[in-house]
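Worksheet: the structure to be examined is printed underneath.
The values are calculated or read from the model by the stated rules, or taken from the named source; none is laboratory data. None of the values given here were measured: they were computed from a predicted structure. Ideal geometry is used to build each Cβ from the backbone, glycine not excepted, and the neighbour counts take in all protein chains shown.
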Amino acid sequence: MEESRLPPGQYVPRGRPVIHYGRVPSFRPETWDFRVFGATASGEEHRFTWTDFERLPRTSVMADFHCVTKFSLMGNEWGGVRPAAILQAAPPDPGVRHVMIWAEYGYSANLRMSDLTAQDTLFATEFDDKPISPDRGFPLRIVVPHLYAWKSVKWVRGIEYLLEDRRGFWEERGYHNIADPWREQRYSYQEEPGEGPP
């Protein structure tokens, strides 16, 4: 492993630890849906069933994964759907610069649109050529490899397009609004002016 791939303050653990908040939800494909709402171009909500979502174009990315608790998992292969496919099917208003990723139990994380559309960001259904395990986010999680992993929300159920930035679950509880591991943006007290909503 190249030392330059490991952000400051991180280490590579033995094995592949899994951390999550709350219980693991059950998946019912017949009732599961993915909603795109908020400031859509049409002003209307878009809804994808699990069958709809499985029909979207698929790809894979190789990416490292950096947890704010300081471990990094290197060289993971994720398979799934690029956000661009969803943005094309459910376009945002031209004024949208941020999104909220929503998950089971009302969990959320906010992202800049530039983070959502980054080359390695993926709505993942597979991990190392297998369906993601329930504790890693089955059936769907977002993976945002260039940010700390709390932004890589598990058990995703939708995207809210935002005209103004708003803090998500951990951001409201003191985590950094942007979460760049290379700048060790772990906590909100580290935010510079303009890095978070008022």
Quiz item: Does any residue in segment 181-196 that is farther than 10 Å from residue 7 by Cβ come within less than 8 Å, Cβ to Cβ, of a residue that is assigned to a helix (DSSP H, G or I) six or more places away or on a different chain, and which pairs are these?
Solution: 188/171; 196/171; 196/188
Practice problem: Tell me which residues, restricted to segment 33-80, are among the hydrophobic types (A, V, I, L, M, F, W, C) and in contact with a Pro (Cβ under 7 Å, 6 or more places away or on another chain). | Solution: 39, 41, 50, 63, 65, 71
Exercise. Inspect segment 132-142 for any residue being surrounded by 22 or more Cβ atoms within 10 Å (Cβ to Cβ), assigned to a loop (DSSP other than H, G, I, E, B) and either under 13 Å from the mean Cα position of the chain (by Cα) or at positive phi (or both) and give the result as yes or no.
Key: yes
Quiz item: Within the group 141, 112, which residue is modelled with pLDDT of 95 or more, among the basic types (Lys, Arg) and farther than 20 Å from residue 26 by Cβ?
Solution: 112
